[in-house]
Amino acid sequence: MIANRVASSVVQRQVKYVTPVPADTRTGPVGRVYAQVADEMGIVVPPAALHSPSPDVLAAFWTLMRETLIADGSTGRALRETVAAAVSMATICPYCADMHTVGLYDLIGEEHAETVARDRPDQLTDPRLRELAVWARTAHEPGAAQALPGWLDRPGRAEVIGVAVTFHYLSRMVNVFLSNFLLPPRLGANARRRLKRGLSVVLRPTLREGRRPGRALPLLPAAGVPADGWALGSPYVAEAVARSSRVLEAAGARALSPAVRGLVRDRLHDWHGEETGLSTRWCEDLTAGLPAPDRAAARLVLLTALASYQVDADVIAEFRAHHAGDAALVDAAAWGAYAAARLIGARNLSDVREGQ
């Protein structure tokens, strides 16, 4: 009970802009997801809590993460955590990078983990880790991305693209709604390594225990629609993607007007993985002709999709001036984050087809 209260307090301090459902909740839709998260992660982690104002979006997030990253599959956890960490570097998400390189301390060793943390995937000495990390680091750049490694089987390709899609989604949400750093940013290099070693020991059971696939699927209704093509190599990944995609599309429909969603989709169609730069003028120009409520929503969603680290209190305040409630904020940001992530998955479909 005391541990739950401490965990809840930590989560409350890390989550920004929304009030999360308390971490000790075990009833209702949020409670059912929290129970799985706590069972498999040890605590209700802040990335879950930030989604809690919108219960079905919380379930979609957890289903994606569990069935791509955590559940047993064709690929090992070390390979999938390497993908998660490399994507976190690509999306400039220090929180996610800290979390997943801590896990890599235990799974692949300190030096390999620090090579990923320094954003040097090409310097990994293990050839399989290197190939997969370089692919994950560039998967959002059509034409520039390295092809998926040929040694992956069809289920393995579905799993690693699934992790990449999940973390292109999650890192954007974390950049918006969580503190910038998991670990204290003022730590010196040696102290930082010592802390990572200690945390990796604590995380070992959550990283190494077997997890049967499919456990999260009953949290969401059956989709009744086919999954994205890249996911079809794994039945559990395919079902997780189909169910979660349906929920996240519905979240966008209830939070955003057709005009906003159309504008964002058009901009993503023209996006080829490039960074938008320090200025947000591109965003202001795109949204200038919209009425105030749509302008505020489009600004939030465009930045979440393409420059999530630039979403600040002013962007949130402008959205809230026209759209009430924490659920609407989570729904809008989640739709934008997933629209970008889903596009990245689709652009890697050719690699899956070529390897069938």
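The values are calculated or read from the model by the stated rules, or taken from the named source; none is laboratory data. From a predicted model like this one, the values you see are computed outputs, not experimental measurements. Cβ: placed from backbone, ideal geometry, glycine included. Neighbour counts: every protein chain shown. For the accessible areas, the whole protein counts, side chains as well, though only heavy atoms, and no ligand, DNA or RNA atoms are used. Shrake-Rupley method; radii C 1.70, N 1.55, O 1.52, S 1.80 Å.
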Can you tell me the relative contact order of the chain? Whole percent, Cα pairs under 8 Å, sequence separation 6 or more. 22 percent
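Please report, in whole Å³, the volume per residue of the convex hull around the C-alpha atoms of region 120-202. Working shown, then result.
Values: hull volume 12.7 nm³, N = 83.
Taking the convex hull of the Cα positions in region 120-202, it is 153 Å³ per residue.
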Cα principal axis extents for the chain, largest first, Å: 53, 52, 45
Chymotrypsin sites (Phe, Trp or Tyr not before Pro) within region 108-201: DSSP coil, no more than 14 neighbouring Cβ in 10 Å: Trp151, Phe181
Of every hundred units of 1.4 Å-probe accessible area on region 140-200, the number belonging to carbon and sulfur atoms, as a percent, is 52 percent
Of the candidates Ser54, Ser308, Ser257, which one comes out as most mobile in a Gaussian network treatment of the chain with C-alpha springs shorter than 10 Å? Ser257
For Arg118 paired with Asn180, estimate the spin-label separation in nm (one decimal), with each label point 7 Å from Cα along the Cα-to-Cβ line. 2.3 nm
Which Cys in the chain stand alone, with every other cysteine's Cβ at 4.7 Å or more from theirs? Cys283
Note the per residue figure in Å³ for the convex hull of the C-alpha positions in region 224-352. 112 Å³
If each Cα of region 200-265 is one equal point scatterer, what is log10 of I(q)/I(0) from the Debye formula at q = 0.29 Å⁻¹? -1.15
Zero-based 10 Å bins, Cα pair distances in region 29-157, whole percents: 12, 40, 34, 13, 1
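Can you tell me the length gained on complete extension of the stretch Asp270 to Ala288, counting 0.36 nm per residue apart and subtracting the Cα distance?
4.6 nm
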Leaving out ligands, DNA and RNA, what percent of the accessible area of region 32-91 is carbon and sulfur, probe 1.4 Å? 57 percent
Just subtract the alpha-carbon distance of Ser257 and Ala35 from 0.36 nm times their residue separation and send over the number in nm, one decimal. 76.5 nm
Can you give me the P(r) profile for region 163-314? Cα pairs, bins 10 angstrom wide beginning at 0, each as a whole percent. 9, 26, 31, 24, 10, 0
Please give the contour-minus-distance gain from Lys16 to Glu110: 0.36 nm per residue of separation, less the Cα-Cα distance, rounded to one decimal in nm. 30.7 nm
Where the convex hull is taken over the Cα atoms of region 112-165, what is its projected area averaged over directions, in nm²? 3.8 nm²
What whole-number value in Å² describes the accessible area per residue of region 140-298 for a 1.4 Å probe? 47 Å²
